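One structure below.
Read the figures in this text as sums done on the coordinates, not as results from a lab. Please read these numbers as outputs of a predicted model, since none were measured by experiment. Reconstructed Cβ throughout: ideal geometry from the backbone, glycine too, with neighbour counts over all protein chains shown.
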Amino acid sequence: MKYKSQKVAYWFFAFSMLLLILQIIYGFIMAFAHLGYDNLHPVIAFNTARAVHTNLLVVWLLSGFMGAAYYIIPEEAEYELVNVKLAYIQLITLALVGVTAVIGYHFNYWEGRKFLEIPRPLDWLVVANVLTFLGIILTTLFKGKKRTTTSLVLTMGLVFAALLYLPGMIWFDNQTMDSFFRWWVVHLWVEGVWELIMGGILAFLLIKITGVDREVIEKWLYVIVGLTFISGILGTGHHYYYIGVGKVWLIVGGIFSALEPLAFLAMALFAIAMYRKGEKKHPNKIALSWTLGTAIVSFVGAGLLGLAHTLPQVNMYTHGTLVTAMHGHLAFWGAYGMIVLAFISYSLPNLTGRKLYDSNRGVLAFWLSNIGMLGMTVAFGVAGVAQVYLERRVGLEFGDVQKEIQVHFLILIICATMFTTGIGLFIAEFIRYGQPTDEALIAATDHDA
Amino acid sequence: MLSKSQAKVFFLGGTMVTFVIFLGLSWNSLSKEVPKRTHEENLTAQVVAGKHIWEKNNCMGCHTILGEGAYYAPELTKVYERRGEAYIKVALMTKTPWQPRGRQMVAYGMSDKDASDVVAFLKWIGEIDLNGFPPKPDLKK
Ligand code: HEM
Ligand code: HEM
Ligand SMILES: [Fe+2]
């Protein structure tokens with residue numbers, strides 16, 4: 001038995017999938033520009049395509065997290081969402097702010113601060129929107145019958161993510177200060193509080209899918225988020241090596257950021273161990289693949305590929321090159337893209353009452369998107385390492401180096417096509433499930449399904 | 001074996017301790033190091049005006065500065081030293097599309113004043129003490 005108000009989650013997921021498609025289109029525009037075909041430049045210059053690509057990424061992930069929270073909190077708290085109508089309004093206003101921002105980016109209405117391009121007036125609307133969301137979640141949790149560790153960790157992640165948005169809204173005359181606080185948003189999100197969100201969602205999925213005792217899962221959840229913060233907060237220093245602050249960050253940032261992969265390793269080991277321990281009876285194998293997949297790929301993309309360039313001696317050379325783009329893709333995909341897709345795969349059968357989880361299409365979607373993204377990572381990586389060598393060590397001109405490495409973008413586009421095919425199949429399945437119903441939710445169960 | 005409440009203490013305690021250290025180090029950096037390393041005395045109204053133009057046009061959407069930004073166009077931290085004022089001003093003021101080695105830059109057609117403001121900003125950026133970044137190409141003959 002589930003809760004009727006969980007239905008609202010479906011629409012957040014649908015919005016999320018729409019933005020993912022748009023994000024990919026703008027990714028292709030940039031990949032072609034790198035390949036030398038920047039024909040759209042007069043209409044969509046590279047900086048426009050980039051701002052749209054990365055902002056849509058953040059918004060589809062946030063929309064996915066919000067949908068997951070609207071689904072998880074009622075079930076964990078054993079209480080319907082306090083105001084479903086407001087949740088729908090929150091989604092619509094989120095969409096409106098998003099659309100305005102994206103259109104604005106095509107007309108030079110933005111702020112040139114990587115990842116935080118949304119202009120300040122719109123920032124305030126984002127804040128109002130997120131406060132509405134948190135209001136609904138927190139009141140439901142407060143009025144609910146239970147406050148589980150899983151729901152508390154998830155909620156804590158969401159609340160901190162909102163708070164950390166604020167340092168990014170302050171204006172600084174000094175570029176170094178600007179950069180310093182930009183990382184309080186960007187780094188402390190992806191290597192801090194978003195890991196709480198990921199951990200909370202992962203714990204919920206593991207409880208439902210493996211059937212392992214909640215007490216065991218939640219104990220390890222505390223250990224994981226403990227490792228996250230202990231390494232990740234001081235790990236912020238790995239962005240402070242070369243921006244105009246002191247040498248102490250070379251040591252502090254180097255040591256603590258090198259410990260960050262432990263949290264991701266713990267997450268991967270935890271997911272695998274719980275799977276082994278569990279009864280393996282849950283029929284939704286596709287959700288299981290995405291759940292184990294996110295734990296493993298995030299360790300590779302964020303943990304290992306992050307570690308690869310996090311020591312100051314290495315970062316001196318790789319800082320601000322395509323090596324960063326390599327890591328950015330697999331980390332975002334593995335940790336946050338895949339957890340959202342895992343949650344969608346798990347929840348759709350319960351929301352719609354259709355049990356389409358044995359389809360080959362779903363399996364193919366998983367493998368094509370993952371292998372495609374891995375290929376893209378390799379293409380960015382090879383281009384990046386060559387760039388570092390030729391530009392930073394041999395001392396060739398930027399433009400000459402870019403000509404040398406252009407061919408790797410052809411490979412990137414081929415792999416991206418494979419990735420996109422996978423995502424296309426995932427979305428085709430999403431559509432095939434149809435819309436959520438109250439009856440489906442009332443009938444839904446996890447264990448003898 | 002570790003119990004759930006011990007795990008919780010590990011999480012809350014560890015977070016608190018590292019967070020306090022982080023705030024302390026940040027305070028020290030911002031109040032003591034930044035003014036010296038960035039030569040705050042040279043942060044004139046013109047430099048700030050240049051920063052506004054830099055942000056308003058999202059230059060970071062193609063270039064990197066202090067190693068942050070996009071990878072479509074060159075790193076600009078040391079561009080003042082590398083190219084000099086005249087070259088940069090031409091790039092910013094030209095009204096005809098410009099594509100060095102096939103990479104297209106927006107033809108901003110800036111006024112002389114705006115272009116000078118951006119140059120002042122880039123000059124100030126170039127003087128920040130960055131612990132040796134960008135590295136000197138060690139294999140260059
Ligand atoms: C899911 C977690 C992670 C995500 C989504 C992620 C994503 C990113 C992104 C998008 C950037 C570029 C940021 C910018 O330039 O504005 C970046 C930079 C960086 N990341 Fe991560 N990251 C994650 C985890 C990690 C971890 C665990 C490590 C270290 C072990 C790490 C090390 C680095 C380093 C050193 C840079 C700076 C690159 C440079 O100097 O240009 N990351 N990351
Ligand atoms: C068809 C798929 C995609 C293509 C062709 C593509 C291509 C690109 C390109 C060319 C860049 C710009 C690098 C530059 O500044 O020069 C970029 C940036 C970025 N993309 Fe994608 N992308 C795709 C999908 C994705 C997906 C699915 C994600 C996340 C899950 C993602 C996350 C990012 C991030 C975080 C950045 C900023 C990286 C940084 O600044 O270091 N992209 N992408
Ligand atoms: Fe980081």
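Going by neighbour counts of Cβ atoms within 10 Å, the residues B:Met1, A:Met169, A:Met316, B:Met60 line up, fewest first, as B:Met1, A:Met169, A:Met316, B:Met60. For the stretch A:247-372, the Cα gyration tensor yields ellipsoid semi-axes of 34, 16, 10 Å (square root of five times each eigenvalue, largest first, whole Å).
Give, rounded to the nearest 20 debye, the magnitude of the charge dipole that chain A has about its Cα centre when Lys and Arg contribute +1 at Cβ and Asp and Glu contribute -1 at Cβ.
For chain A, the charge dipole is close to 660 debye.
Summary value for chain B: 25 percent relative contact order, contacts being C-alpha pairs under 8 angstrom separated by 6+ residues. Take each residue in B:26-32, count the other chain C-beta atoms within 10 Å of its C-beta, and the mean is 4.
In chain A, the DSSP-assigned H stretches of four residues or longer account for a calculated mean residue ellipticity at 222 nm of -24000 deg cm²/dmol, using -39500 (n - 2.57) per stretch and the full residue count as denominator.
A crude spin-label estimate for the pair B:Ser5 and A:Ala258, with each label 7 Å from Cα along the Cβ direction, gives 3.7 nm.
Could you work out the mean count of beta carbons from other protein chains within 10 Å of each residue's beta carbon in A:175-182?
Going residue by residue through A:175-182 and averaging, the value is 6.
Taking other Cβ atoms within 10 Å as a rough exposure proxy, B:Phe19, A:Phe419 sort from fewest to most as B:Phe19, A:Phe419.
Built from the Cα atoms of the stretch B:80-141, the convex hull projects on average onto 5.6 nm², one quarter of its surface area. This model, with +1 at the C-beta of Lys and Arg and -1 at the C-beta of Asp and Glu, gives the stretch A:395-440 a dipole about its Cα centre of some 140 debye.
Positive end of the dipole of the stretch A:252-383 (Cβ unit charges, origin at the Cα centre): among A:Ser257, A:Phe299, A:Leu351, the Cα lying farthest that way belongs to A:Leu351.
Using the alpha carbons alone, the radius of gyration of the stretch A:382-422 stands to its Kirkwood radius in an Rg to Rh ratio of 1.14. Residue by residue along A:35-44, Cβ atoms of other protein chains within 10 Å of the local Cβ number 2 on average. When only Cα pairs below 8 angstrom with a gap of at least 6 residues are kept, chain A shows a relative contact order of 16 percent. Based on DSSP H segments of at least four residues, each scored -39500 (n - 2.57), chain B has a per-residue ellipticity at 222 nm of -15500 deg cm²/dmol.
For the stretch A:26-177, what is the relative contact order in percent, using Cα pairs closer than 8 Å and at least 6 residues apart in sequence?
29
With the highest mean first, a sort of the peptides A:190-200, A:158-168 on other beta-carbon atoms found within 10 angstrom per residue produces A:190-200, A:158-168. Residues A:Asp446, A:Asp400, A:Asp38, arranged from fewest to most other Cβ atoms within 10 angstrom of their Cβ, appear as A:Asp400, A:Asp446, A:Asp38. Put +1 on the Cβ of each Lys and Arg and -1 on the Cβ of each Asp and Glu in chain A; which of A:Ile209, A:Gly199, A:Met267 then has its Cα farthest toward the positive end of the dipole? Projecting each Cα onto the dipole axis, the largest value belongs to A:Ile209. Within the protein assembly as shown, the ratio Rg/Rh, alpha carbon atoms throughout and Rh by Kirkwood, equals 0.97. What translational diffusion coefficient, to the nearest whole µm²/s, does chain B have by Stokes-Einstein, given a Kirkwood radius computed over alpha-carbon pairs, a temperature of 4 °C and 1.567 mPa s viscosity? Reported coefficient: 72 µm²/s.
Candidate membrane-span-like segments in chain A, meaning DSSP H helices with Cα atoms spread over at least 20 Å of their own axis and a Kyte-Doolittle mean of -1.0 or above, are A:8-34, A:46-77, A:84-105, A:120-143, A:149-165, A:194-210, A:214-235, A:261-277, A:338-352, A:360-387, A:407-433, with no membrane implied.
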